[in-house]
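See structure below.
The values are calculated or read from the model by the stated rules, or taken from the named source; none is laboratory data. Here the structure is a predicted model, which is why all the values come from computation and not from measurement. Accessible surface areas use protein heavy atoms only, side chains included; no ligands, DNA or RNA. Shrake-Rupley method; radii C 1.70, N 1.55, O 1.52, S 1.80 Å.
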Amino acid sequence: FASPDGLATRAVALLLEAAAAAIAERGVFVVAVSGGSIPALLAPALLAAAPRDQLSRWRLFLADERHVAESHPDSSLGEWRRRFLEPAGMGSVQAVGVAAALPLPQAAELYEEKLLATLREAAAAAGG
């Protein structure tokens, strides 16, 4: 890509295409997103292009979340919440990160349970 904006535009187009297909098929879009520089790169384009009436059907999981409080600067969930979730009016249950208040093994287990439950619900909605 010639520029970060070009990359963001293409990535968001692919993301929105996948979201529309998942919502049409299952009624929900489940996606794992990365942190780091990705929220700053994608959030502005997502806010500009995402159909607001469909965002309530999105479920975001953090692919590389750190075991830190959401208010910590290293929290991917905190970054996504500030840059995208809150400005888009998305609810707090729509994004799942690591429960930093728990010891790491328990936090990982809870995260896995939430991910699997969400995927089971999506599969059931699709008739699978």
Asp74 accessible area, 1.4 Å probe, all protein chains in place, Å² to nearest 10: 80
Highest-fluctuation residue, Pro105, Pro51, Pro87 considered, GNM on the chain with Cα pairs under 10 Å: Pro105
Solvent-accessible area, 1.4 Å probe, carbon plus sulfur percent, for region 28-73: 54
Principal axis dimensions, region 42-124 - Cα atoms, whole angstrom, descending: 38, 36, 17
Region 65-121 - accessible surface per residue (Å², probe 1.4 Å): 59
Alpha carbon centroid spacing (whole Å) that separates region 83-128 from region 21-67: 12
Computed accessible area, Trp58, all protein chains, 1.4 angstrom probe, square angstrom: 10
Helical contribution to [θ] at 222 nm, DSSP H n ≥ 4, -39,500 (n - 2.57), averaged over the chain, rounded to 500: -16000 deg cm²/dmol
Cα gyration tensor shape of region 6-70, rounded if a/c is under 1.5, else prolate or oblate by comparing a/b with b/c: oblate
